[in-house]
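Starting off with a structure, shown below.
The values are calculated or read from the model by the stated rules, or taken from the named source; none is laboratory data. Everything numeric in this text was worked out from a predicted model, so none of it was measured. Note that we place each Cβ from the backbone using ideal geometry, even for glycine, and neighbour counts take in every protein chain shown. Quick note on the areas: whole protein, heavy atoms, side chains included, nothing else; ligands and nucleic acids left out. Shrake-Rupley method; radii C 1.70, N 1.55, O 1.52, S 1.80 Å.
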Amino acid sequence: LVAYLAALAADPETPPLVLVTHHVEEIPVGITHAALVRHGRLVAAGPAADVLTSAAVSSCFGLQITVQRSDSRWTARAIVGDIAGE
């Protein structure tokens, strides 16, 4: 599915795509922008590289999360303990 979405994102004839996920690993190559929403409120939005940071994703999920990008793919790992006291 991720490879199919990447092919769609790369096709200039494809209309704009909106992908909703809780897992950055599901974001295909070619997605240029991201938005983070927590409790129905926008936390961050803009170019994916600016939005999908460890600090922003940690704030959004209320957990310490390390976000990395390698070969145009994203990964996220939770760190034991939360930062929001939830």
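May I ask you to list the residues in the stretch 54-80 that are surrounded by fewer than 17 Cβ atoms within 10 Å (Cβ to Cβ) and within 16 Å of T32 (Cβ to Cβ)?
Once the filter is applied, which keeps residues that are surrounded by fewer than 17 Cβ atoms within 10 Å (Cβ to Cβ) and within 16 Å of T32 (Cβ to Cβ), the stretch 54-80 yields R69, S72, R73.
Hey, could you check the stretch 9-28 for residues that are surrounded by 15 or more Cβ atoms within 10 Å (Cβ to Cβ) and over 19 Å from A78 (Cα atoms) and say which is nearest to the chain's Cα centre (by Cα)?
P28
Out of V51, V37, which single residue is open to solvent by less than 20 Å² (accessible area, probe 1.4 Å) and at pLDDT 95 or above?
Exactly one of V51, V37 is open to solvent by less than 20 Å² (accessible area, probe 1.4 Å) and at pLDDT 95 or above, namely V51.
How do the pairs read when you match residues in the stretch 43-72 that are farther than 16 Å from G30 by Cβ with residues anywhere that are of a type in the set (D, E), using Cβ under 6 Å and keeping only pairs 6 or more apart or on different chains?
These pairs meet every condition: G62/D82; G62/E86; L63/D82.
Scanning for something in contact with a Phe, Trp or Tyr (Cβ under 6 Å, 6 or more places away or on another chain), touching a residue at least 24 places away in the same chain (Cβ under 8 Å) and within 24 Å of V80 (Cβ to Cβ), does the stretch 13-35 turn up at least one residue?
yes
Moving to a separate point now. Based on this model, can you work out whether L42 counts as open to solvent by 70 Å² or more (accessible area, probe 1.4 Å) and either touching a Gly at 6+ places or on another chain (Cβ under 6 Å) or more than 26 Å from A3 (Cα to Cα) (or both)?
When the stated conditions are applied, L42 passes them.
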